[in-house]
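Remarks on the structure that follows.
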Amino acid sequence: MRAGEVKLGVSLFSYSSVFYLGEKSLTDLLKKSKEAGAEGIEIVASQMIPGYPYPSREWLRSFRDECEQLGLEPFCYSAHLDSGLRSDRWLTEEEKVLCTVNDLRCAKDMGASVVRTQQTISPKLMYEIAPWAERYGIKVGVEIHPPHTLSTDVWQEFIRVFEDIDSPYVGIVMDLGIYQEYPYDGWINVYASHGVSQATIAFLLSALKEGQPLAEVLAVLEKQNASEYAREMAQEMFALYRPYRPDQLADVMKYITHFHTKFYHMKNGEEETIPYRQILQIIKETGFSGYLISEYEGHYVYDEQTVSCFDQVREHIAMERRLLNA
Amino acid sequence: MRAGEVKLGVSLFSYSSVFYLGEKSLTDLLKKSKEAGAEGIEIVASQMIPGYPYPSREWLRSFRDECEQLGLEPFCYSAHLDSGLRSDRWLTEEEKVLCTVNDLRCAKDMGASVVRTQQTISPKLMYEIAPWAERYGIKVGVEIHPPHTLSTDVWQEFIRVFEDIDSPYVGIVMDLGIYQEYPYDGWINVYASHGVSQATIAFLLSALKEGQPLAEVLAVLEKQNASEYAREMAQEMFALYRPYRPDQLADVMKYITHFHTKFYHMKNGEEETIPYRQILQIIKETGFSGYLISEYEGHYVYDEQTVSCFDQVREHIAMERRLLNA
Amino acid sequence: MGLVNNQRAYDKHLLWQGGEGNIVVGDSVVGFRFPVRIPNFRGNYLSCIEEFSFALDGQALDPDKIELVLNGKRFRIGDLPQLFAEYWYVLDVGIIEVLHDGGLQGKHRIDATMKLRYGYSAYFGVCKVVTSKCSKEYEF
Amino acid sequence: MGLVNNQRAYDKHLLWQGGEGNIVVGDSVVGFRFPVRIPNFRGNYLSCIEEFSFALDGQALDPDKIELVLNGKRFRIGDLPQLFAEYWYVLDVGIIEVLHDGGLQGKHRIDATMKLRYGYSAYFGVCKVVTSKCSKEYEF
Ligand SMILES: [Mn+2]
Ligand SMILES: [Mn+2]
């Protein structure tokens, strides 16, 4: 990949609903990804790979071959680090290493360049992970995801550790959800369908925009005897969304394995809740080379019949291409 | 089956060593059973059935068909009741019922007439098992096996329960090992190979024959400073073997689903450690109808090259036929 | 994403369709069965199922009478929390089998609740546990 | 049957042949592997394995560095006692993988011990637990 070359891809997670319902096979999803303009794909292993967490080598190689035959790069094996998978205790550090080595082994068979892991792995374990990633020749990227931001303690710690390790084999998967400023219509409508009034919704949106503290907002709701849904809506909204601050994005760019360009709803070719224009400007200015992986998450609330995930991904990739070329 | 009709079969367990080593397939074993003169077979599910404890219906039906094509009755699905399978606790009564219902389901798919279960099921649970066996139309037989005899408390209890339930669907699998009088050469030789002297062996055999109490025997060994193997040999010998008493055999005949005609070594067409002549006489006199299932267990100590399990089974079935026709 | 999203997208699939019916043994009807899906975008370890409970026509069913048939095995509901080496692939349909003398005839309502722990979603030290509920009328 | 019988018949197969070698990742040798069988006439639940320990050239191996590969899954040795829903079919060959920097070259001796509980053999209230031992020299 040339310096400053940005490639566009898609996470097959974007197609969760049609996959879950058996309406489309994995092969269908790969073809749709290609049609949408993707050059590479990310696959959430725990979601789509039979036999997970120990898929067969045969399956992985055949998936790799299928991607390549369609002209798609099997870019990222997206792992979950389920540190709470046992009911009696957390996974130990040793178990987390074994999980990650297993993910690397699978990623290798799949021909992937990156394993996406999660912050449950803990920062200091990256010292043990880095040599494994290097041996496999595959990067391990820890995804930063809402409700965390780069300012969250654990992320300040991750960044210190990445500075210290100074290896191209460990880094950050940057989910743009952490820069989301507003909730999207579909999400608001779910709460509305649970009886949260338009007046309450308007109040919450304006409080969010004006940076009013959550405690004050909850006090107001309390006084209004608001429903449990209204209170949950406020809590989720203030945990997940906030006015845009570019944060340390440019500073950490050198650690970013790739982006999850998160989105919930494309309207007329635009995404309105995340400051894409500003962020892609930083990406261009810093000379980042690598993948922007479109991650559509509107499938939770929009019906496929009304809002097609395939159209959404196509429009999103087109928007990214337009902004990158601007 | 006509009243008083005795059929001869074989437990595929007799071929354990060649199966374990991959020298013979299950199909080979069925063919060998037929060649040996068996009319039906018993299969130890935990040993030979892939997917145990939940083998697929497809596998079971195809096994049934294979038996039938070879002219063999798939007579008994031999289940283990592993009440100690968990490391934290014994199976509950409810779990034992679920296990047994699962075994019945498998036996049904295999076309079997009997499920062999084990005394770990507990006598009082037979009240719950009997209706299940009746629904499936398959008998559940609890195997009596050394070191137990019909006089052991739990067996006195089983017999009371069977009298009380009075159903043809629950009963006893009679392993003739409980009538074994002497150890067989191969077993003695294993201890000899561990350094137990011929003098000690002669002493133990004579003490066993004369009905000397184990405590006295152990005291003698103690005085002689005998090895750990000598003491283990004495303990095993006195736990497993005893002078023949026909016990309540004729009395319980009506509860017997079938016999395991246990043997360890055929020499010149005869078995020398179990009083076959007397026992088969009782079987004939009581008019028992059903299977004698040859169960060869010498494969633990004899090498297949020296003593062939296939020859052993053939000779054993021939002996049974001869004694029955005498 | 908020829980309401997951509820909206997946809870309705917890009780699935196809394969519902009675459990017949010889001439006896000994119970009934119905199909279930894992109500989330991804599969999960059975040990992450903190609760999986059912009601028939409003009456809670005894967990000791219920087995989950999945991965070619049968699991007691009470054992699920211990099954950390058993994964439920998201496309696999589980079958719930309930011992129930005589089975069911005609239309009956099943209510299901699953509490599913998200083992990776421990952003501030505690795993998210999401409760899914679903009701469905089956024709037996 | 006495324990000596089982020992005579099956202990020698605990360490099996075929598939032994080093674990190579890219240019690094990160460990070694060798094949194992269950030393009994029948298969068993992994929860019945009370001990499964190994030594390399007389030196005990750290159980935290060992995984058993079986049934298409990987198991930590320390987890075996909890795996009551995982069955080891008697014809299946397990692979023991040991993390061991640089792997092994040439001939090395492995010692293996398995304590296996016979869950059905509780004739007087206690399960029989049989200890199997096996030693083998492998060429790596
Ligand atoms: Mn993401
Ligand atoms: Mn027997």
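Please treat every number below as a calculation from the coordinates, not as lab data. The model shown is predicted, which means the values in this text are computed figures rather than measured ones. Cβ: placed from backbone, ideal geometry, glycine included. Neighbour counts: every protein chain shown.
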Problem - Whole-percent pair-distance distribution, where bins are 20 Å wide, for the alpha carbons of the protein assembly as shown - result: 12, 38, 30, 16, 4, 0
Practice task
For the protein assembly as shown, build the charge dipole from Cβ charges (+1 Lys, Arg; -1 Asp, Glu) around the Cα centre, then report which of D:Leu80, A:Leu214, C:Val98 sits farthest towards its positive end.
Solution key: C:Val98
Practice task
Quick one: of B:Lys34/B:Lys96; A:Lys124/D:Lys65; A:Lys24/C:Lys128; A:Lys24/A:Lys139, which pairs are farther than 23 Å apart, Cα to Cα?
Solution key: B:Lys34/B:Lys96; A:Lys24/C:Lys128; A:Lys24/A:Lys139
Problem - Tilt relative to chain B, helix B:198-209 - C-alpha long axis, 0 to 90 degrees, to 10 - result: 60
Practice task
State the residue of chain B whose Cβ is nearest the axis carrying B onto A, and the distance in whole angstrom.
Solution key: B:Asp88, 6
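So if R0 is 60 Å, what FRET efficiency would C:Asp27 and A:Asp247 give, r being the distance between their Cβ atoms, rounded to the nearest 0.05?
0.25
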Exercise for the section: Would you please name the GluC sites (Glu not before Pro) within region A:1-79 that are DSSP coil residues with at most 11 other C-beta atoms within 10 Å of their C-beta? Expected result: A:Glu5, A:Glu23
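Within chain B, what is the longest stretch that has no trypsin sites (Lys or Arg not before Pro) placed in a DSSP loop and near at most 15 other beta-carbon atoms within 10 Å?
The answer is B:90-326.
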Practice task
Quote the charge dipole size of region D:1-51 about the Cα centre in Debye, to the nearest 20; the model charges only the Cβ of Lys and Arg (+1) and of Asp and Glu (-1).
Solution key: 280
Fill in the blank from the handout: Projecting the Cα atoms of B:Leu26, D:Tyr10, B:Tyr54 onto the charge dipole of the protein assembly as shown, where Lys and Arg contribute +1 and Asp and Glu -1 at Cβ, the residue farthest towards the positive end is B:Leu26
Problem - Principal axis dimensions, largest first and in whole angstrom, of region C:3-135 by Cα - result: 55, 29, 24
Handout entry: Unit charges on C-beta of K, R, D, E only; dipole of the protein assembly as shown, Debye
Key = 640
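How high is the relative contact order of region B:185-240? Use alpha-carbon pairs under 8 Å, at least six apart in sequence, and give a whole percent. Working shown, then result.
On the way: 24 pairs, mean separation 24.0, N = 56.
Reported as a whole number, the value is 43 percent.
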Fill in the blank from the handout: Across D:76-83, the residue-averaged tally of Cβ atoms belonging to other chains within 10 Å stands at 4
Exercise for the section: Compute the acute angle (0 to 90°) between the alpha-carbon long axis of helix B:214-223 and the principal axis of greatest extent of the alpha-carbon atoms of chain B; round to the nearest 10°. Expected result: 40
Handout entry: Inter-probe distance in nm under a simple model that places probes 7 Å from Cα toward Cβ, at A:Gln235 and B:Leu324
Key = 7.5
Completion exercise
Here the correct list, in nm and shortest first, of distances from C:Lys73 to the same site in the other copies, label points 7 Å along Cα→Cβ, is 0.5
Exercise for the section: Tell me the distances, shortest first, between C:Asn22 and the same position across the other copies, using label points 7 Å along Cα→Cβ, in nm to one decimal. Expected result: 6.6
Practice task
Shielding by partners for D:5-12, please: the mean number of other protein chain Cβ atoms within 10 Å of each residue's Cβ.
Solution key: 5
Practice task
Would you please classify the overall shape of region A:185-240 from the alpha carbon gyration tensor, given that a ≥ b ≥ c denote the square roots of the eigenvalues, rounded means a/c under 1.5, and beyond that prolate means a/b larger than b/c while oblate covers the rest?
Solution key: oblate
Exercise for the section: In nm to one decimal, list the spacings between the A:Leu205 label point and its equivalents in the other copies, with label points set 7 Å along Cα to Cβ, shortest first. Expected result: 9.9
Practice task
Round to a whole angstrom and tell me the spacing of the C-alpha centers of region A:262-319 and region A:67-142.
Solution key: 25
Handout entry: Simple Cβ-charge dipole of region D:3-135, Lys/Arg +1 and Asp/Glu -1, about Cα centre, in debye nearest 20
Key = 580
Handout entry: Environment charge at A:Ile201 (Cβ cut-off 14 Å; Lys +1, Arg +1, Asp -1, Glu -1)
Key = -1
Problem - Anisotropy class of region B:74-180 from Cα gyration tensor, a/c 1.5 cut - result: rounded
Practice task
Based on other C-beta atoms within 10 Å, arrange B:Ile317, B:Ile178 from fewest to most.
Solution key: B:Ile317, B:Ile178
Exercise for the section: Report, in degrees rounded to the nearest 10, the 0 to 90 angle that the Cα long axis of helix A:93-110 makes with the longest principal axis of chain A. Expected result: 70
Practice task
Quick one: net charge around D:Gly26, please, counting Lys, Arg +1 and Asp, Glu -1 for every other residue with C-beta under 15 Å from its C-beta.
Solution key: 0
